[in-house]
Amino acid sequence: MAELIRLKNRGPVPFVATLFHDAYCRRGGKCGCRQEKHLSSVVNRQTGETGLRESMRAAPVGFSIPPGETSPPMHRAVLYVPGVAEAVKATPPVLVVVEVAAAPAPKSRPVVPSAPAEDSAIASGSSRKR
């Protein structure tokens with residue numbers, strides 16, 4: 001079973017979904033979320049002062065497929081994303097799964113035998129006259 005699939009939108013309107021981390025990234029084995037800065041309020045327990053703390057967190061990304069178009073290759077985990085599974089199972093289906101063919105194996109180069117070694121005297125360029 002191929003890991004990558006494409007989704008074809010057979011609906012009359014663009015299909016839009018959000019690739020939530022738990023539904024897509026964890027199942028796909030690679031995080032596709034964008035990292036964004038997050039500010040949170042913190043309280044110093046000793047002084048009672050409040051301040052802001054900056055941290056990074058994962059933010060899900062979205063995708064859209066125009067009507068009649070096919071998505072770029074995506075991990076099969078996209079089928080667990082809310083909305084995508086329902087669109088594939090709908091009657092008639094709004095999204096159709098298109099398998100991505102596995103990349104062909106690299107062609108091996110034929111081994112070309114080297115020319116037989118010449119006599120060492122000839123190969124070295126020395127010649128003797130007899």
Please enumerate the residues belonging to the range 9-23 that are more than 16 Å from residue 57 (Cα to Cα), crowded, with 19+ Cβ neighbours inside 10 Å and within 19 Å of the chain's Cα centre (by Cα). 17, 23
Do we have any residue at all in the range 8-25 that's part of a loop (DSSP other than H, G, I, E, B), touching a helix residue (DSSP H, G or I) at 6+ places or on another chain (Cβ under 8 Å), in contact (Cβ under 8 Å) with a residue 60 or more places away in the chain and of a type outside the set (D, E, K, R)? yes
Quick check on the range 25-42. Is at least one of its residues over 23 Å from the mean Cα position of the chain (by Cα), of a type in the set (Val, Ile, Thr), surrounded by 10 or more Cβ atoms within 10 Å (Cβ to Cβ) and modelled with pLDDT of 90 or more? yes
Go through the range 45-62 and give me each residue that's out of contact with any Asp or Glu (no Cβ under 9 Å at 6 or more places or on another chain), part of a strand (DSSP E or B) and either among the hydroxyl-bearing types (Ser, Thr, Tyr) or closer than 26 Å to residue 82 by Cα (or both). 50, 55, 61, 62
Could you give me the residue pairs with C-beta distances under 9 Å whose first residue belongs to the range 83-96 and is among the acidic types (Asp, Glu), whose second residue is assigned to a loop (DSSP other than H, G, I, E, B) wherever it lies, and which are 6+ apart or on separate chains? 86/94
May I ask you to say which residue of 88, 42 is in a strand (DSSP E or B) and among the β-branched types (Val, Ile, Thr)? 42
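The values are calculated or read from the model by the stated rules, or taken from the named source; none is laboratory data. Since the structure is predicted, the reported quantities are computational estimates derived from the model, not experimental observations. Neighbour counts run over all protein chains shown; Cβ positions are idealised from the backbone, glycine included.
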